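Have a look at the structure below, then the notes.
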Amino acid sequence: MSETMNTDEAGVLAPARGAFDQDWRKLVNWGLICALALIFVSLTDMPDKLDKRVIVEPLLSMGYLSLIWIPVALGNFVTREVVLEGMTQHKKGLRELVAGVSVGAIGGAGLALLIWLLDTRDLSDPLVNWNDALLEVLSFGEGVGYGAIFWILASAGLGLAGGAFHLLSAIANRLLLAIALTIVLTASLESALDDISEGFQLEWLFEALFEKKGGLSVQGAIILAVFAIAWVLVLGGQAKRGRAAVTARRELSPTKVNTVGLVLIAVAAVVLPMFLGRLTNDLFTNVGLFLLLALGLNIVVGLAGILDLGYVAFFAVGGYTAAIMTSPSSPGLSPELPWWVAIFVVVFMAIVAGLFIGAPVIRMRGDYLAIVTLGFGEIIRLTVRSDWASGFTGGAQGILSIPGADIVGVATVKGTDPQQVLYLVIGFVAIAIYVSWRLENSRIGRAWMAVREDESVAEAMGINTVNSKLQAFVVGAILASFSGAIFAAKVGSVFESSFKILVSIVILVIVIVGGMGRIAGVAAGALVLVGILGGPNQPGLLAEFSEFKLLIYGALLIWMMLKRPEGLIPNVRRSRELHQDEFLQDAWLKAQANDDDDEAASGEVAPA
Amino acid sequence: MTTAMRSKARPRTGVDWFLTFLRVLLTGLVLFGLLAFLWQQIDPDNPLASAINPDANRLSWDAFQGLVISGLSQGAMYGLIALGYSMVYGVLGFINFAHGEVFMVGAMTGMITSNKLFEAGVWEDNFLLAILIAVLVSVICSTVTAVVTERIAYRPLRGSPRLIPLITSIGVSFFIQNTSAVLLGPGAKSYPRLPDWLRDDIGIGPFDIEGKKLLVLVVAGVSMGALWYLVERTKTGKAMRAVAEDKEIASLMGIDVDRTIVTTFAVGGAMAGVAGILWGILFGSVTEFTGFLPGIKAFSAAVVGGIGNLGGAMAGGLTLGSSESLAPQLVLEPLGVTGHTQLKDAVAFLVLIFVLLVKPTGLFGERLSAEDRA
Amino acid sequence: MSERLLDIQNLSVTFGGLNALSDLDFHVDAGEIVSVIGPNGAGKTTFFNMISGMVTPTSGDIVFKGESLLGLDPNQVTARGIARTFQNVRLFANMTILENVMVSQHCRTKQGIMGALFQTGGFKREEQEIREHGEKVLGFFGSRLVGFRLNQPASVLSYANRRRLEIARAMATKPEVILLDEPVAGMNPKESEELTGLIGKLRDEWGFTIVMIEHDMGVVRDVSDRVVVLDHGETIAQGSYDEVSSDPAVIEAYLGRPAEEAS
Ligand SMILES: Nc1ncnc2c1ncn2[C@@H]1O[C@H](COP(=O)(O)OP(=O)(O)O)[C@@H](O)[C@H]1O
Ligand SMILES: [Mg+2]
């Protein structure tokens, strides 16, 4: 029965419909959406500003990529057919291609209109990017007519390609996707790879892939494509089987973890920083700081279901406490404690702050709680900045000359040495992961999940929800304060401007994109978002994106909530619902065969 | 609330004690501050006042009424924005975090229009016509923004737990904010200079009100009146109230629920658009962040007045606006807080927390649908 | 049968003018199975909500083992030994089946954060006990909820199995009294007959006292020692099944209507 789970093969296959038997209204609508999206992206100036960031020299830059994915995605989307089990599914054919072409062509026409307007009108007053540079990029410097016709044809072609994906076999689709992702990802990682290859003396490999002036060479792209194909064909199958085995093992004893994977990660965490250069170490440090924050918020939001929008307050408490305790130049109180002693004060302050903020809000409705915690976050930041508190916090001047982190007299981590800071961060991330993992699989963690699932039922099942939520709040606060303390030691100074609401939101995006409640997912979210796009004040690998990253964060958040609430790494539990494991069926269905139970045959997915 | 309160013999926990302590502390501080203020008014050199705050001095009548007027005009604006939060919460039961951004769109488009009109000379020749056009454009743009976000971001999530659309709306808020920054460029943008009669003081009774503040109060009052008429006296309003009470029953009664919800967003958006223009007139400039803090404060105003309660939203706005403007001088300064005006924004949030601690259903009582009351 | 385990004294509640329950007066002795019946909206679930502390009565008292339950939070009521199920099955859908029964032992266990972090002996022992008790409780329903099911999310279960898991979850809290809100609603005759047998076993083998809301008169007849009939919040009859089922007021209010009228 398991084959019916695969949506691709589900349903009865009917002959293809006529190529022009289309829902034209829908196509025009989606075509207009495509046009709007293309115009919007153009007016944000992504094509121009990201043009310098080359993916494959001289074929493709991030700038053009920001445009061309749109017709492909929409062309693909509009021709998708939702097939439910048992329903007729039409054979794919010319019809999909026609639909894709139409959507793409309408979109391209929109862009052509924009090019013409750019040439003839001046709207630069409100629209700051309305300038010749944009026109130049869009028309390839070949004049309006060339640009307009190019984009209509190109966009139609791209829409066609989007529709054509349905005609290809599943494996071909996977191959194309793998090639595209490998190339774009590798190109995004260019500067990091440069750095890493130096550490491992692999410059020759780097030079084989990349051009000197930036971007992959054509030859490099071909190498990557071959690599991607090999990966999918050879390793892909194996990896999938391996993963299935891991999931299956986890089904039977969920607390057992993949020890091999864990050891590999641990070794990498110890060895890698030695081979990395300044830039990459610094980058990973930023990722780690945000990962630490995200792991804490993951306990609060992901496990306990408390939407804390003022989470940055605890980051600030950690940062300022560490600064006041260690810096010789902190006004008012200045005990100049060693960092590792200050950490105890930091934890204490985090607990106090967690209880102080948590207690008044914990009985509130979930959505009121969100706004009130946000308010607390602002109150703390405004107070820290004010003249009133400046006797302790330095007000707008902040606290300077924070010495590095002194670890029990054994070593001193200098903020200026990214490698040492990275080790410190890795240490604390390891602690946070351990804490999350142990708590999740304990009485406390189960109570949090119950509260998240249904608070009043949790209460009726004997859980003191107030205490339970306060615990989550405080544990989250402590993890955030660690991040703050390391941040202070790393930067060497603290200012209130590092602790704006924006930080809370970015952490929330990481947790949500990573798939609420999943440690590995949160780690992936932090790597991709902070590492590649950049944090609120920290540049990522794609430094050219700094202007757009918040826009992208917002769009990602909306997208995630609408389409894939389970995040990048799908929640194992939820996907288990959809894809029953053969392993389990073999082991158990036979044993259950004589049981008359209605759903023993599995595959049934009841609505939650 | 109709449900019997669960309070009787309940053993008090640490959290309860702490909350009681907070309530008493906050009330005590406010009262003590006010007392100190009064004393300082009577005798600036009295020993207590000087002990609390050595720099204490009397607040003049002029300064006081200035604070009241700016507090009220600012509060009227919060009230107009709060209506949108309140209506959406009443109908759909979630906080539309992006509503502050709808207001910002109003202020932004108002800025663009009025500058264009200024270039064309209309602004100076016929100010009333110009401002009318600007209001119209702002209202249209804000309404469209509100309706489009409803269609794209909220409608697909109808019926999911209330935190889901809230998180989505945070994303929407972020997106609109940064769209403005990227398309129109970041930073502050100015409105053209107002005509003199709006900058001069107008005497009304004991008050001297700056023209633009009077204008803000009048426009807010008129908009509020129009909204009241719409909600209480028209068929559309009746449908809105029915949907707010119970969507299922409303749809059984033949009310088009989707359309009514769109109308709710549209009306809320229009109010935010008006508030946007008023913001421009009052402060003369707008940035992409203009919607953020005022948005959250307006939501606080809606809660303070009792969510779902439209009169309450306006009253809450006025309360919040005037506390924000008066409290630093009347409470914080007498308590010896230096740089008290820097804590203006903190006051707004403290008022929210205080109200939720003391009267969680708001000052004027909340009006929610049956399912959201729980 | 003498000890009054649960004593309901003149219990009333009004919701904004609606008398959801008025002057309910009855008691449950240890080891009894008592059924509460009545048409939809009679106030049966509201009655359970009051016992479990989710709704506060307007007047009257609920005395459990000589102590009033009034003013207690739901979790405190559960800790004193009264567990319940919900009419509209409310499982922790994204938690596994085993976790569902493990988490409901919360008030019977005490290891804290430190125990979990340092994996103390006490923690491991308690965790083991929680797990064993959970599996034991699930085993009560045969092979349906154990084996590979243990680590599946509750949301994959069939409707009947969800109802069974709800009962298991209530059992896991180690209560003295279990309140079952329409335990067989939505089950087919075969399943409901089987569950009726299990309810008897709950008392005979596990020693639970049971108060049950039920629409299916067959089930009520088969297991209940006594029956209470509510209508519009009023108690219209009390007594054995035979007494109650021949009471004209009951016949008019309840039995006269199609018994299938489930909610
Ligand atoms: N929290 C509440 N607020 C207002 N009315 C309620 C509430 N809970 C139940 N009611 C009303 O009380 C009456 C009894 O409901 P209930 O106890 O659920 O009936 P049933 O006997 O079918 O379980 C119904 O009319 C219901 O609408
Ligand atoms: Mg009921």
Next item on the list: Mind grabbing the accessible area of residue A:356 for me, 1.4 Å probe, Å², rounded to tens?
Entry: 90 Å²
Note to self: Using protein chains only and a probe of 1.4 angstrom, how many square angstrom of residue A:544 are accessible, to the nearest 10?
What the structure shows: 60 Å²
Margin query: Can you return the lysines within cross-link range of residue A:490? Criterion is Cα-Cα under 23 Å, with same-chain partners fewer than 8 residues away left out.
Written below: A:414, A:500
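Given a 1.4 Å probe and no ligands, DNA or RNA in the count, how much accessible surface is buried by B and A, both sides, to the nearest 100 Å²? Walk me through the numbers before you get to the answer.
Details: alone 18400 and 30550 Å², together 44210 Å².
Buried area between the two chains comes out at roughly 4700 Å².
Starting from the coordinates of the alpha-carbon atoms of segment A:257-570, obtain the Kirkwood hydrodynamic radius over all distinct pairs and give the value in Å to one decimal.
Roughly 19.6 Å, rounded to one decimal.
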Next item on the list: For C:159, A:64, A:368, B:229, give the ranking by accessible area with the largest first, probe 1.4 Å.
Entry: B:229, C:159, A:64, A:368
Checklist line | Total charge dipole magnitude, segment C:95-169, about the Cα centre, Cβ charges on Lys, Arg, Asp, Glu only, Debye to nearest 20 | finding: 220 debye
Check: Using a simple charge model, +1 on the beta-carbon of Lys and Arg, -1 on the beta-carbon of Asp and Glu, nothing else, what dipole does the protein assembly as shown show about its Cα centre, in debye to the nearest 20?
Finding: 1080 debye
Item checked: segment A:257-570 - accessible surface per residue (Å², probe 1.4 Å) -> 32 Å²
Check: Taking Rh as the Kirkwood radius computed over C-alpha pairs, what is the Stokes-Einstein D of segment C:149-212 at 10 °C in a medium of viscosity 1.306 mPa s, expressed in µm² per second?
Finding: 128 µm²/s
Next item on the list: Could you work out, for segment C:95-169, what percent of all Cα-Cα pairs fall into each 5 Å distance bin, beginning at 0 Å and stopping at the bin that holds the largest distance?
Entry: 3, 17, 26, 22, 14, 11, 6, 2
Item checked: segment A:382-469: mean projected area of Cα convex hull, nm² -> 9.8 nm²
Item checked: Radius, Kirkwood style, for segment A:434-498 when every pair of distinct Cα atoms is counted (Å) -> 13.6 Å
Notebook entry, point to check: For residue B:204, what accessible area in Å² do you get when you roll a 1.4 Å probe over the heavy atoms of the protein chains, rounding to the nearest 10?
Noted result: 80 Å²
Next item on the list: Only helical DSSP H runs with n ≥ 4 go in: add -39500 (n - 2.57) per run for chain B, normalise by residue count and round the 222 nm mean residue ellipticity to 500 deg cm²/dmol.
Entry: -23000 deg cm²/dmol
Check: What residues in segment A:298-314 lose 40 Å² or more of accessible surface when the other protein chains are added to their chain alone (1.4 Å probe)?
Finding: A:307
Notebook entry, point to check: When the distances between all Cα atoms of the protein assembly as shown are binned every 10 Å from zero, what whole-number percent does each bin get?
Noted result: 2, 8, 15, 20, 21, 17, 11, 5, 1, 0
Notebook entry, point to check: How big is segment C:105-263 by Rg and Dmax over its Cα atoms, in Å?
Noted result: 19.3, 65
Check: For the pair C and A, how large is the buried accessible area, both sides, in square angstrom to the nearest 100, if the probe is 1.4 Å?
Finding: 4400 Å²
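Set the Förster radius R0 to 25 Å, insert the Cβ-Cβ distance between residue A:146 and residue A:52 as r into 1/(1 + (r/R0)^6), and round the FRET efficiency to 0.05.
0.65
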Notebook entry, point to check: Looking only at B:307, B:353, B:152, which one moves most when chain B is put into a Gaussian network model with springs between Cα atoms under 10 Å?
Noted result: B:152
Check: How about segment B:110-142: which of its residues lose at least 20 Å² of accessible area in the presence of all protein chains relative to their chain isolated, using a 1.4 Å probe?
Finding: B:112, B:116
Checklist line | Lysine pairs in segment A:6-247 with Cα atoms under 25 Å, if 8 or more residues apart or on separate chains | finding: 6
Margin query: From zero outward in steps of 5 Å, how is the percent of C-alpha pairs of segment B:245-374 spread across the bins?
Written below: 2, 9, 14, 18, 18, 15, 10, 6, 4, 2, 1, 0, 0
Next item on the list: Express the carbon and sulfur contribution to the solvent-accessible surface of chain B as a percent, rounded to the nearest whole number, probe 1.4 angstrom.
Entry: 66 percent
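Can you quote the Å³ per residue value for the convex hull of the Cα atoms in chain B, rounded to an integer?
168 Å³
The values are calculated or read from the model by the stated rules, or taken from the named source; none is laboratory data. Predicted model, so just to flag it, every value in this text is computed and none were measured. Cβ sites come from the backbone with ideal geometry, for glycine too, and all protein chains shown count toward neighbours. Calculation scope for accessible area: heavy atoms of the full protein, side chains included, ligands and nucleic acids excluded. Shrake-Rupley method; radii C 1.70, N 1.55, O 1.52, S 1.80 Å.
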